Amino acid sequence: ASLEGIVASSVQPDTQLRGFRYFCGGHPTPTAESIRAAAAILKALETQPASELVIFLLSGGGSSIVEKPIDDEISLEDLIATYRALVHSGAPIAEINSVRKHLSAVKGGRLALAASPAHQVSILVSDVPDNTPDALASGPTMPDSTSVDDCYRIAGKYEMLKQFPQSTRELFERHSLEETPKSDDPAFIRARW
């Protein structure tokens, strides 16, 4: 069996394995390399048949190291400005992550959705409480316990819209955020953590 994969980290590894592609994403804010890493991962997952096993290794910091906005109108500069607005909003990290998940093409279970119908195993190196595994790296491979309604409420509560760049603000104003996959989504039937 052949093994291939993608490694995304905030540091360059000392050695690189054959068959793996390497990306050095940004932390604590995403960079162009973060977006390239996310695009490469999504592209690799889209072609996995049901017979494949996909292994995800996730650790803290993944939120910014691998990131791609859900809407192509959101540029890297706008993404960074959005992250900055979230961090300085006064909202606790759980609420910040709720918003991040819904603005991302990879967070909140969307990597699991991309990998479906392949078998999936996620190995978690966690820096979050055990009862909130979907908070780790913003939960790219697990059901999201938050909703778009949470996002709209949080944005209002902390007056985030006036801090957001126009591209992000418009998604909220038009109420056009898309829901992330929940625990009843078929993408998770063949997924383990």
When Lys and Arg each count +1 and Asp and Glu each count -1, what net charge do the other residues less than 12 Å away from residue 183, Cβ to Cβ, add up to? -3
Would you please name the GluC sites (Glu not before Pro) within region 1-54 that are DSSP coil residues with at most 10 other C-beta atoms within 10 Å of their C-beta? 4
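Based on the Cα coordinates of region 6-62, what is the per residue volume of their convex hull in Å³?
With only Cα atoms used, region 6-62 gives 89 Å³ per residue.
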Counting only DSSP beta bridges with both partners in the chain, the antiparallel fraction in percent, to the nearest 5, comes to 5
Please say if region 33-133 is rounded, prolate or oblate, where rounded means a/c under 1.5 for a ≥ b ≥ c the square roots of the C-alpha gyration tensor eigenvalues, and otherwise the choice is prolate for a/b larger than b/c and oblate otherwise? oblate
Given charges at Cβ of Lys, Arg, Asp, Glu: the chain dipole, positive-most of 108, 58, 3: 3
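So, counting K/R as plus one and D/E as minus one, what does the shell of residues with Cβ under 10 Å around residue 134 add up to?
Cβ neighbours under 10 Å give a net charge of +1.
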What is the sum of charges around residue 76, taking Lys and Arg as +1, Asp and Glu as -1, for the other residues whose C-beta is under 14 Å from the C-beta of residue 76? -4
Toward the positive end of the charge dipole of the chain, about the Cα centre and with charges on Cβ (Lys, Arg +1; Asp, Glu -1), which of 83, 118, 70 goes farthest? 118
Provide the solvent-accessible area of residue 145, counting protein heavy atoms only and rolling a 1.4 Å probe, rounded to the nearest 10 Å². 90
Under 10 Å, Cα contacts only: if you run a Gaussian network model on the chain, which one of 53, 86, 113 comes out with the highest mean-square fluctuation? 53
Residue 190 accessible area, 1.4 Å probe, all protein chains in place, Å² to nearest 10: 80
Give me the number: length gained by fully extending residue 17 to residue 46, i.e. 0.36 nm times residue separation minus the C-alpha to C-alpha distance, one decimal in nm. 8.2 nm
With every protein chain in place, the chain: carbon and sulfur % of accessible area (1.4 Å): 53
Roughly how many Å² is the accessible area per residue of region 18-119, as a whole number, for a 1.4 Å probe? 45
At each listed q (0.16 Å⁻¹), what is the log10 of I(q)/I(0) that the Debye formula gives for region 84-144 modelled as equal alpha-carbon point scatterers? -0.52
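If you take the square roots of the eigenvalues of the alpha-carbon gyration tensor of the chain and sort them as a ≥ b ≥ c, do you get rounded (a/c under 1.5), prolate (a/b over b/c) or oblate? Write out the running numbers ahead of the final one.
Values: a/c = 1.80, a/b = 1.44, b/c = 1.25.
Prolate, because a/c is 1.5 or more and a/b exceeds b/c.
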Can you list the residues of region 45-67 with backbone N under 13 Å from a point 7 Å past the Cα of residue 121, pointing along Cα to Cβ? 53-57
In whole angstrom, note down how far apart the Cα centers of region 16-67 and region 157-193 are. 20
So for the pair residue 178, residue 166, with labels modelled 7 Å out along Cα→Cβ, what separation do we get in nm? 2.4
With all protein chains present and a 1.4 Å probe, how do 100, 84 order by accessible area, largest first? 84, 100
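Lysine pairs in the chain with Cα distance under 16 Å, only those 8 or more apart or on different chains: how many are there?
Numbers: 43/68; 43/107; 68/101; 68/107; 101/182; 107/182.
Going through the chain pair by pair, I get 6.
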Heavy-atom accessible area with a 1.4 angstrom probe orders 125, 99, most exposed first, as 125, 99
Global geometry of region 91-193, whether rounded, prolate or oblate, following the gyration tensor of its Cα atoms and the 1.5 cut on a/c: prolate
GNM on the chain, Cα springs under 10 Å; top mean-square fluctuation among 30, 13, 181 goes to 13
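The values are calculated or read from the model by the stated rules, or taken from the named source; none is laboratory data. Fair warning: this is a prediction, and the values are worked out from it, not measured in the lab. Note that each Cβ is placed from the backbone with ideal geometry, even for glycine, and that neighbours are counted across all protein chains shown. Accessible surface areas use protein heavy atoms only, side chains included; no ligands, DNA or RNA. Shrake-Rupley method; radii C 1.70, N 1.55, O 1.52, S 1.80 Å.
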